[in-house]
Amino acid sequence: MRVELMSLSSRNLAKLDHSMAQERTCAILDKLADLAVRALIEEAQLTPKPALVDRRGSGAHKDLTLSLMEKSARALHPIFREMAYCASGREINRSLREDLAFIGRKGETLMLAAAGGSNAHRGAIWAIGLLVAATAIAESRTINTICSLAGRIAKLPDRFVPAAPSHGQSVAARFGVLGARGEALEGFPHVRSVGITALRSAQQRGIEVQFARLDALLSIMTMLDDTCLLHRGGLPALDAAKKGAHRVLEAGGSSQNEGMKQLLCLHKTLMKFNASPGGAADLLAATIFLDWVEVQLL
């Protein structure tokens, strides 16, 4: 009788452990969606950014406002959550890639509805969606591991990809640059090797979060062949953005008076081109997301 009771107790404990493990997993997956949306909102709110939507206004995006950006980000919460649950426990294969792409295309529909038909976060759905999925799969939630897994997912074919290329894909092909797809295929080098490095370096020097994030954005801009800039202003706009961002950092960054002057000058320059570093902004949101993931979920 005692043996039977002990056996029942062991089984009950095993069931309890399994149930608790499931609850912990669900809590983490829900948290990923929360962090993804929060990263998008805090990137949008970051001010002053060069020619991008922020607390001052619409920048070069006359069809967008900060309110619409925030609304779009919140509308994507169920999409990021679905991506996390879809990827959890899965092998990285074409089936997973196509399932995630299907969810992402649903996200684009929700985004357009929330933003009044404007493209607020198409690039971010792709980039952060991949990183959310990779984090859900990763056993070791380090930035390098997550970016590597995201790259593996991105490399897989999708039989249902739309035939017509996006603006970003067309521009990337025209100018021979990576673009958002290439960035993902390479495992997000401008996030893990540029954005995170700049963000954490600034934080370690005691720079306030606002300025640390601005400096991370500018660091990405100095290196990234941003297809958003190329689409609107061609190579002259890209060259102006890279050189202007470099001048801000050379002046000590956005936390310094001269650096801020150079940042505001860069804003005026890009406004003349009617071009913004939207690709860099997406990668900054990804940088913020991964910084939180590694700190909070490691």
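Here, each number is a calculation from the coordinates, and none is a lab measurement. As the structure is a prediction and not an experimental result, all values here were calculated from the model. Every residue, glycine as well, gets a Cβ built from its backbone with ideal geometry; the counts of neighbours run over all protein chains shown.
Values as computed for the structure displayed
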{"read-out": "Net length gained if the chain between Cys265 and Asn144 were fully extended (0.36 nm per residue, minus Cα distance)", "value": "40.1 nm"}
{"read-out": "Reduced Cα scattering model of segment 164-298, Debye log10 I(q)/I(0), q = 0.10, 0.21 Å⁻¹", "value": "-0.32, -1.22"}
{"read-out": "Kirkwood hydrodynamic radius of segment 29-188, from inverse mean 1/r over distinct Cα pairs, in Å", "value": "16.1"}
{"read-out": "Dimensionless Rg over Rh [segment 99-204; C-alpha; Kirkwood]", "value": "0.99"}
{"read-out": "Anchor Lys71: lysines whose Cα lies under 25 Å away (excluding residues fewer than 8 positions away in-chain)", "value": "Lys31, Lys49, Lys62, Lys106"}
{"read-out": "Label of the coordinate-derived value, volume of the Cα convex hull per residue in Å³, listed as (i) 134; (ii) 143; (iii) 126", "value": "(i)"}
{"read-out": "Net +/- balance of residues flanking Glu82 in space, Cβ distance below 11 Å, scoring K and R +1, D and E -1", "value": "+1"}
{"read-out": "Asp158-Glu108 pseudo-label distance in nm [points 7 Å out on the Cα-to-Cβ vector]", "value": "0.7"}
{"read-out": "Residue among Leu32, Leu130, Leu46 with the largest mean-square fluctuation in a Gaussian network model of the chain, springs linking Cα atoms under 10 Å", "value": "Leu46"}
{"read-out": "Cβ-derived FRET efficiency at R0 25 Å, Phe175 paired with Glu250, nearest 0.05", "value": "0.45"}
{"read-out": "Kirkwood Rh in Å, taken over segment 145-208 so that all alpha-carbon pairs contribute", "value": "13.7"}
{"read-out": "Nearest 10 degrees, 0 to 90: helix 143-155 Cα axis against the chain principal axis", "value": "90"}
{"read-out": "Cα→Cβ-extended label distance, 7 Å offset, between His167 and Met223, nm", "value": "2.6"}
{"read-out": "Size of charge dipole - the chain - debye, nearest 20, with Cβ of Lys, Arg +1 and Asp, Glu -1, no other charges", "value": "320"}
